[in-house]
Amino acid sequence: MSDAKVKKSFLNSLLFKLIIAIAIGIFLGNIANEGAIQVISTIKNILSNLINYIVPIIILAFITPAIVSLNESAGRVLSLTLIICYLSSVGAALFSFVAGTAIIPHLNIVSATEAGKKIPEILFQMDIPSIMPVMTALVTAILFGLAVIWTKSETWANLLREFNNMVLEIVNRVIIKVLPFYIATTFAELSYEGVILSQFPVFLKVIVIVILGHYIWLFLLYALGGMFSKTNPMEVLKYYPPAYVTALGTMSSAATLSVSLQCSRKAKTLDPKIRDFVVSLCSNTHLCGSVLTETFFVMIVSQVLYGALPSTGNMILFILLLGIFAIGAPGVPGGTVMASLGLITSILGFDATGTALILSIFALQDSFGTACNITGDGAIALMVTGLLGKVPKEARS
């Protein structure tokens, strides 16, 4: 790809749009008077209601088809791969939680509760009630998915796939389009209050900490892959740099799939049938880097905006459910955090400002989280190959 095309691709990317939105929001917040910030807050309230309305629909559209798809390729490889994907995501989140508990209190974060200016009341309130609570949507998605499997209903299976495609289009054509405006209004409020500039160095530190966490988790995954397969994990990992770099550019596991398949096919320690199936499946079900990032970020945002970390009980519940959402989330930019917004609001109690801030800082590092996801898929393939005793004879140590 030429430099001109790379530049054009970046200028059209969601990341670039969000960076511009953040800059505009901070600028507007610094110059806005009380009347202007009222207008900005009103716009933010409307956009927040729109996003919150779509969250339960996203859960139904992403989780239910993911469960139904289990029936299409039922077998030991599928079951084992999904179990490992879930354990990897939950393990990454628990690692992030423990690290956050140890590190965040020492970052000298000044809570936004101590900020100077107060946001005035909005001009008018326009509520858009959700069709159902988030937890209701999750339970409904699981039960409907299982019911389709039990009844072997092809009609419902096809409908759910169509529903998934429809909601994905809503996300791409509506939510992603309004997201920069939502982010801009949120940062305008934070800037008006005097929060964002004082906390900017903290957010930079956190992004670096999270990226280091990705590398630690990848090291652990490949170590386990080597142990289960009794092979040298570097035989897989050494071929993955092109996939890692591609994921940095696309911010999408799904868009990087073709490159990751090319990389994994060079590894002599992977069984060809298991390799292609597992790597393809993991592009949408193994999101360890994104989950690790989101867990650390919700703790940071909670400390910044609400003056305290979430309770341990709430974080454990959040992590266990986040692992499920990660399997059902689409492998597109921001898919994990978009699918799990309902957990952030219902379990951790985040308000509109909290969810917007999570969306913003998550997007700033999303490329690194995606790169961790896609690189970790090779380790999952190595684990499954080893656990099923399918390591090629010529590759055994």
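At a Förster distance of 35 Å, what's the computed FRET efficiency of L159 paired with N232, Cβ-Cβ distance as r, to 0.05?
After rounding, the FRET efficiency stands at 0.15.
Quick one: length gained pulling L50 to M166 fully straight, 0.36 nm per residue minus the C-alpha distance?
My answer for the length gained is 40.1 nm.
Using a 1.4 Å probe on the protein heavy atoms only, what accessible surface does D276 show? Give it in Å² to the nearest 10.
50 Å²
Find the percent of Cα-Cα distances in the stretch 270-397 that exceed 17 Å, and round it to a whole number.
The answer is 60 percent, as a whole percent.
If DNA, RNA and ligands are ignored and the probe is 1.4 Å, what is the ranking of V98, V171 by accessible area, most exposed first?
V98, V171
What FRET efficiency do you get for K390 and E121 if R0 is 41 Å and r is their Cβ-Cβ distance, rounded to the nearest 0.05?
For R0 = 41 Å, the calculated efficiency reads 0.05.
Pop a pseudo-label 7 angstrom from the Cα along the beta-carbon direction at both F16 and I128 and give the gap in nm to one decimal.
Going from the F16 label point to the I128 one covers 2.7 nm.
Run the quick spin-label model on T151 and K177: label points 7 Å from Cα toward the beta carbon, then report their separation in nm to one decimal.
Distance between label points: 3.5 nm.
I'd like the accessible area for K152: 1.4 Å probe, protein heavy atoms, all chains in place, Å² to the nearest 10.
The accessible area of K152 comes to roughly 140 Å².
Of K17/K238; K118/K177; K17/K44, which ones are farther than 26 Å apart at the Cα?
K17/K238; K118/K177
Would you mind giving the average projected area, over all directions, of the Cα convex hull of the stretch 142-246 in nm² with one decimal?
Its average projected convex-hull area is 12.2 nm².
The values are calculated or read from the model by the stated rules, or taken from the named source; none is laboratory data. Computed from a predicted structure; not experimentally measured. Backbone-built Cβ (ideal geometry, glycine too); neighbour counts: all protein chains shown. Note: accessible area is taken over every heavy atom of the protein model, side chains too, but ligands, DNA and RNA are not part of it. Shrake-Rupley method; radii C 1.70, N 1.55, O 1.52, S 1.80 Å.
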